[in-house]
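Step one of this worksheet: look at the structure below.
The values are calculated or read from the model by the stated rules, or taken from the named source; none is laboratory data. Quantities reported herein were computed from a predicted structural model and do not represent experimental measurements. Positions of Cβ are backbone-derived with ideal geometry, glycine not excepted, and every protein chain shown enters the neighbour counts.
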Amino acid sequence: MELISSQNSPFECILFDLDDTLYDGEIGIHGFLKKNIEDFLSIKCKVSPEKAFSLRSEFFCSHGSSLAALLALGYDIHPDEYHSYVHGKLPYELIQPDTSLLHLLRSIHQTKILFTNSDREHAKKALMRLGIDENIFERIICFETLNPHLFSEDPLSPNMDQIVVLKPSPSAFHAAIRISGYDPHRMLFVDDSEKNVVAGKSLGLNTALVGKKVMKCEDADYLLEGIMNLREEVPEIWKMNNWSTTSVRA
Ligand SMILES: [Mg+2]
């Protein structure tokens, strides 16, 4: 791979989170997701809806996700079973086509990579609803990319300290940086989670935190009310205007 020769823009690659970043978290998808996870926990763990509500919160704090906690606790669950349940029933129609976002992404000539904890099917559906061709991204780094061991017949490496790899774990960021092939100092990571931004910053990424309620985050180089604020808050993305002659990648 030949690195892009950039004299103006500090960024050669931009990592975009998906959920609550490329579309507004206030449309309510997340509430449905939480409810679906609680229903799944209620069935699998044979607990009441009230207990499932507290378990989901406990699992998120202890393991980063309910799936990670269930696997760590020894439940025999395939990730596809979990994802098809918790994402399969989501009201995707709440995600509306966003031509402004499409134009914004098209105007960014650096390497664009989607970096999400969600599974590939969810990413495809959400992008389709947004009216974004997934091929606008050079890569989609998703649950399956970060966790190939969960889809293989090979036993888990005894050296692996995590059963499930997700942001904000350093392993997830190391994978994304390795896959992208860029120096993290020449990458911009855009995400709505402060935990993720803190983790990304600690590994050398430039960071932009997205969210209407975000007032301050020392590890965020940029604070964005929404993804569309990227143009005014991070104009250096567009500084370079001769990408067509210099952005040569093998
Ligand atoms: Mg997110």
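What to note about this one:
- The number of residues in segment 17-37 being near the ligand (Cβ under 10 Å from one of its atoms), more than 13 Å from Leu130 (Cα to Cα) and either at pLDDT 95 or above or among the polar types (S, T, N, Q) (or both) comes to 1.
- Flag for Gly204 being assigned to a loop (DSSP other than H, G, I, E, B) and modelled with pLDDT of 95 or more: yes
- Breaking point among (1) out of contact with any strand residue (DSSP E or B) (no Cβ under 9 Å at 6 or more places or on another chain); (2) crowded, with 20+ Cβ neighbours inside 10 Å; (3) in contact (Cβ under 8 Å) with a residue 24 or more places away in the chain, for Ile77: (2)
- All positions within segment 211-228 that are in contact (Cβ under 8 Å) with a residue 12 or more places away in the chain, out of contact with any strand residue (DSSP E or B) (no Cβ under 9 Å at 6 or more places or on another chain) and not basic (Lys, Arg): Met228
- Counting only residues that are at pLDDT below 95, farther than 19 Å from Val165 by Cα and of a type in the set (Gly, Ala, Ser), segment 60-108 holds 1 of them.
- For Pro170: the one exception among (1) surrounded by fewer than 17 Cβ atoms within 10 Å (Cβ to Cβ); (2) farther than 26 Å from Phe60 by Cα; (3) touching a residue at least 12 places away in the same chain (Cβ under 8 Å): (2)
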